[in-house]
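Notes follow the structure.
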Amino acid sequence: MREVVTVIERPGLGADMPYVFHSWLKGARGYYPEMRHEDYYALQHQRIERLVTGPGRLVVLHPEGAPAVIAAWALLDNDGNDIAHYVHVRGEYRGKGFAARLLSGRTIATHMTEQGARLKRKLGLRYMPHLLDGLA
C-alpha cells in the first residue's frame, strides 16, 4: 500500500541552497563519467549557480507542518513556462508522484539522470541540453 504524505509547495529559500547544490551535483555526476572529478564539480557548480541566480525558479515540496524539510525540489525556468532544469526527490519520498507534480505542464528538460530518463518517457518530456548554451 502506498503511504500518503501531504506536502506543501513553497518557493525555494536561501537556506535550501546547500541541499539543492549537494543533491544536484551528486545526482548528475554519473552522466559525466569521463570528466575529472574536480572539473565536474567546479563547472557544474557554476552552471547551477547561473541557473539559480538567472532564469531559474526554485520550487520546494515539504511535508505539512515541516517547512524546513525538503521532500522534493525542482528548478524551473521563469523565462519559459515549459522548461525544467532539474528535479530531485529525496529517497524516502520517492514513488509518491512528487516529481511529476513539480514538472506538471513542463515539456522540456535540460538535465537528465537515470531516474529522470524514466520520468521523461512517462511525461513525454523533450531532453534539450543545448538550451543551456543559448541555442533554440
Item to complete: Spot the failing condition for Glu34; the list is (1) under 20 Å from Thr113 (Cβ atoms); (2) surrounded by 14 or more Cβ atoms within 10 Å (Cβ to Cβ); (3) out of contact with any Phe, Trp or Tyr (no Cβ under 9 Å at 6 or more places or on another chain), and only one is missed.
Response: (2)
Response to the item:
Here the qualifying pairs (Cβ atoms under 9 Å; residues six or more apart or on different chains; first in segment 85-99 and in a loop (DSSP other than H, G, I, E, B); second among the acidic types (Asp, Glu) and exposed (fewer than 15 other Cβ atoms within 10 Å of the Cβ)) come out as Lys96/Glu3
Worksheet item: On the given criteria, is Gly134 over 19 Å from Lys26 (Cβ atoms) and of a type outside the set (D, E, K, R)?
Response: yes
Discussion item. So in segment 76-100, with the set limited to residues that are surrounded by fewer than 16 Cβ atoms within 10 Å (Cβ to Cβ) and of a type in the set (Lys, Arg), which one is modelled with the highest pLDDT?
Written reply: Arg90
Worksheet item: Of these, Leu119, Leu58, Leu76, Leu103, which one is in contact (Cβ under 8 Å) with a residue 40 or more places away in the chain and either closer than 19 Å to Leu25 by Cβ or of a type outside the set (D, E, K, R) (or both)?
Response: Leu58
Discussion item. Test of understanding: among Arg57, Arg29, which residue is in a helix (DSSP H, G or I) and either surrounded by 13 or more Cβ atoms within 10 Å (Cβ to Cβ) or within 14 Å of the chain's Cα centre (by Cα) (or both)?
Written reply: Arg29
Practice prompt. Would you mind stating whether Leu125 is surrounded by 18 or more Cβ atoms within 10 Å (Cβ to Cβ) and out of contact with any helix residue (DSSP H, G or I) (no Cβ under 6 Å at 6 or more places or on another chain)?
Written response: yes
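The values are calculated or read from the model by the stated rules, or taken from the named source; none is laboratory data. In this text, all values refer to a predicted model and were calculated from it rather than measured experimentally. Every residue, glycine among them, receives a Cβ derived from its backbone with ideal geometry; neighbour counts consider all protein chains shown.
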